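Shown next, in structure tokens, is the structure this report addresses.
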Amino acid sequence: MRRLFLALCLSSAALPVVAQTAAPQGTAAAAPANAAPLSREATAIKSHVMFLASDAMRGREAGSPEYDIAAQYVAAQFYAAGLKPGGDKQGEDVGYLQNVPLVAYKPDGEGTLTLTAAAGQTALAFGTDYIPSANSRAKETSVAAPVVFVGYGIVAPQYGRDDYAGVDVKGKIVAFVSGSPSKMTGEERAWLGSASTKAQVAADHGAVGAIALVTSRSDKLRPFARLVDANDHVRMAWAEADGTGHVDEGGAPTLATLSLTGAAKLFAGARTPWAKVSREADKADAAFKPEALPVTLAVATKTKFDKARSSNVVGLLPGSDPALAREVVVLSAHLDHIGISGKGEDKINNGALDNAIGIASLIEEAKRFGKEGPAKRTIMFLAVTAEEKGLVGSDYFANHPTVTAESIVADVNLDMPILTYPFEDMVAFGGDRSTLGPIIRSAVEGAGVALSPDPIPDEGIFVRSDHFRFVQKGVPSVFLWPGQKGPGKAAVEHFLSTNYHKPSDDLSQPILWEQGVRFVDVNYRIAREIGDAPSRPVWNKGDYFGTLFKGPTAP
């Protein structure tokens, strides 16, 4: 049956077969009899989403057969749009797919965490005091060392912050609280507050491991009980040649996350009691004093591994200018979602807005370029896998590009536009950090909407989507979302609280398909302008990320 289904997908260059069948769970509700007919463009967007977000795709989890079918569907649509294949070589030919070798891993058992202090030993309780972290680099992890508290665990000279000042953590385990100070700009704050960045900073200071501490503030955003429920979920990384999972170079292993009660036990006998640290952590701009805790922590955990594979889908529209065609503008969107989970009757996470509609937009942009003609630069259309596993597919592509790395000059990312309301503004995450800024503003205002700043900096959106893997390679990049003016705030809050990463993110939502046409139009305008501009984009002079990742910078 799967072979038959795959054959049907490959032969479909127009509307998918699923759109013509009776509507099971996960497909669109019947339109009201008096509803205005959709435009041709909106109909096309909806048809892609009807297929990709149908129950037949079972949530498009990376590594699943259903994801592979979805990838073949996108490849067929790229072919129909006139794109040349830009994936791996298949003999003498090039295909649309780029193979992504994966390692699936998760904690193997509960592990043990034992505190040793002057008063004796204390065994921490799994699920109450801690949850272990899986280690993509080793089947067994065993660390025993003194613990040093380092506040947020952030070093940011531009903000006058060094949470390691006055303490020596070489050969020790560092413990840090979640989050970052609100005085930092939203995008730098998101980067500096991420667990992977903190692990890298810890390693740079000689630490042998890291412990994340839940605070009252972080527990409200992501309750520890929810972390416990999710602890057995499979993680993924792309596989190195030796079969281990890739991690950013040199980061100290994150060993565990401690709950409020676990942190209190860790701080027993400390100069600064945990109650005081926790109260300070509730402040938006907390200031901590680092200190060595009077305790040694022994951690022993195991990680279970399984091989997996998936693929990115890559299509190319060669540039028309003999010189500029050597440069590549990437349009990216993630194809995967989170598969099957939950405890209710409906366990399929269809991922209609996250991110079937982003993929539909990517396909329709390719068609528009085909209709209006190629840009001077080459445009790459990239559908990536395993975004939901930690931007894994885009990270693999960034480290193994199917074109020369030097040729990639920009990335425009399409991820989870919430199109349940008529948007009045747009947010360009990262857009004002490079010479993409004026291009974005012109495109957004040309479409009749305003450009607004990040309305939810606490969510760290800038580092949570695929464009950031290009940022880490020094490439000016942007990720656009419909904004929160007018009805937008309530609609976004409703989606994030009710439907995000849940089975209810399906076609029963009141999706306004014509808003998808507007979304495609803005992103097309941006890509077209980048593709035809006389000069490649560069980072603004002195920009934090341009400097950090050594990208091309304005003089």
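The values are calculated or read from the model by the stated rules, or taken from the named source; none is laboratory data. Model, not experiment: these values are computed from the prediction. Methodologically, a virtual Cβ is constructed for each residue, glycine included, from the backbone with ideal geometry; neighbour enumeration extends over all protein chains shown.
There is at least one residue in region 377-384 that is over 23 Å from Asn350 (Cβ atoms), hydroxyl-bearing (Ser, Thr, Tyr) and crowded, with 24+ Cβ neighbours inside 10 Å.
Restricting attention to region 308-346, the residues that are within 22 Å of the chain's Cα centre (by Cα), in a loop (DSSP other than H, G, I, E, B), at pLDDT 95 or above and not aliphatic (A, V, I, L, M) total 2. Of all residues in region 323-339, those that are free of Cβ contacts under 8 Å to residues at least 60 places away in the same chain have Cβ atoms under 8 Å from Cβ atoms of residues that are crowded, with 24+ Cβ neighbours inside 10 Å and assigned to a strand (DSSP E or B), 6 or more apart or on another chain, in Ala325/Thr378.
Of the residues making up region 124-141, those that are β-branched (Val, Ile, Thr) and outside any loop (DSSP other than H, G, I, E, B) are Ile131, Thr141.
When we screen Thr141, Thr122 for residues that are within 12 Å of Val299 (Cβ to Cβ) and hydroxyl-bearing (Ser, Thr, Tyr), the only hit is Thr141. With respect to Gln121, determine if the residue is assigned to a strand (DSSP E or B) and without any contact (Cβ under 8 Å) to a residue 12 or more places away in the chain. Spelling it out, Gln121 is indeed assigned to a strand (DSSP E or B) and without any contact (Cβ under 8 Å) to a residue 12 or more places away in the chain. The residue that is surrounded by the fewest Cβ atoms within 10 Å (Cβ to Cβ), counting only those in region 56-89 that are more than 23 Å from the chain's Cα centre (by Cα) and of a type in the set (Lys, Arg), is Lys89.
Okay, residues lined up against (1) touching an Asp or Glu at 6+ places or on another chain (Cβ under 8 Å); (2) within 25 Å of Ala56 (Cβ to Cβ); (3) assigned by TED's automatic domain parsing to the domain that holds Leu419:
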| site | (1), (2), (3) |
| --- | --- |
| Ile338 | yes, yes, yes |
| Ala360 | no, yes, yes |
| Pro374 | no, no, yes |
| Ile379 | no, no, yes |
| Tyr396 | no, no, yes |
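Taking first residues from region 231-259 that are in contact (Cβ under 8 Å) with a residue 24 or more places away in the chain and partners that are surrounded by fewer than 16 Cβ atoms within 10 Å (Cβ to Cβ) and among the acidic types (Asp, Glu), the Cβ contacts under 7 Å between residues at least 6 apart in sequence or on separate chains come to His246/Glu240. Does region 104-113 contain at least one residue that is among the hydrophobic types (A, V, I, L, M, F, W, C) and not in a strand (DSSP E or B)? Scanning region 104-113 turns up no residue that is among the hydrophobic types (A, V, I, L, M, F, W, C) and not in a strand (DSSP E or B).
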